[in-house]
Amino acid sequence: MTPDMINGLFETFGAVLVFNHCRVTLRDRAVKGVSITSSALFTLWGLWNLWFYPFLDQWYSFCGTCLLVSANALWVAMLLYFSRIEARVAVRV
């Protein structure tokens, strides 16, 4: 296996784990103890990697990053959405 393949597998496994975060957030419909800022930073880093990996001709890493950026972007969107809902409920109480 090449370093690109290994990195691509790490990126893909990371995406699976972040999609699990999305599943749990959707199930709980709540955001507790998670920093949206750090999650957004890793999403931005992934967007950078979408440009960077093809530049290095690392296509396995690119494919894994596509999944990871998708998962992170979805999770950040869910965190923002459920945070807003929680804020509205807190104001009503």
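Given the criterion open to solvent by 40 Å² or more (accessible area, probe 1.4 Å) and in a helix (DSSP H, G or I), identify the matching residue among Asn7, Asn72.
Exactly one of Asn7, Asn72 is open to solvent by 40 Å² or more (accessible area, probe 1.4 Å) and in a helix (DSSP H, G or I), namely Asn7.
Just to be sure, is Val18 in a helix (DSSP H, G or I), open to solvent by less than 50 Å² (accessible area, probe 1.4 Å), out of contact with any Cys (no Cβ under 6 Å at 6 or more places or on another chain) and touching a residue at least 24 places away in the same chain (Cβ under 8 Å)?
Criteria met by Val18.
Picking from Trp48, Trp59, which residue would you name as being within 17 Å of the chain's Cα centre (by Cα) and among the aromatic types (Phe, Trp, Tyr)?
Trp48
Would you be able to tell me the number of residues in segment 46-69 that are within 18 Å of Phe19 (Cβ to Cβ), surrounded by fewer than 17 Cβ atoms within 10 Å (Cβ to Cβ) and not hydrophobic (A, V, I, L, M, F, W, C)?
0
Among (1) under 15 Å from the mean Cα position of the chain (by Cα); (2) in a helix (DSSP H, G or I); (3) surrounded by 11 or more Cβ atoms within 10 Å (Cβ to Cβ), where does Thr37 come up short?
Every listed condition holds for Thr37 apart from (3).
Quickly run through segment 29-54 and pick out the residues that are on the phi > 0 side of the Ramachandran plot and in contact (Cβ under 8 Å) with a residue 12 or more places away in the chain.
Matches in segment 29-54: Arg29 only.
Assuming Ala87 fulfils every condition listed in (1) of a type in the set (A, V, I, L, M, F, W, C); (2) exposed (fewer than 13 other Cβ atoms within 10 Å of the Cβ); (3) in contact with a helix residue (DSSP H, G or I) (Cβ under 8 Å, 6 or more places away or on another chain) apart from one, which condition is it?
Here Ala87 meets the rest and fails (3).
The values are calculated or read from the model by the stated rules, or taken from the named source; none is laboratory data. Small disclaimer: the values here were computed from a predicted structure and weren't measured. Here the Cβ is made from the backbone with ideal geometry for all residues, glycine too, and neighbour counts use every protein chain on show. Ligands, DNA and RNA are excluded from the accessible area calculation, which covers all protein heavy atoms including side chains. Shrake-Rupley method; radii C 1.70, N 1.55, O 1.52, S 1.80 Å.
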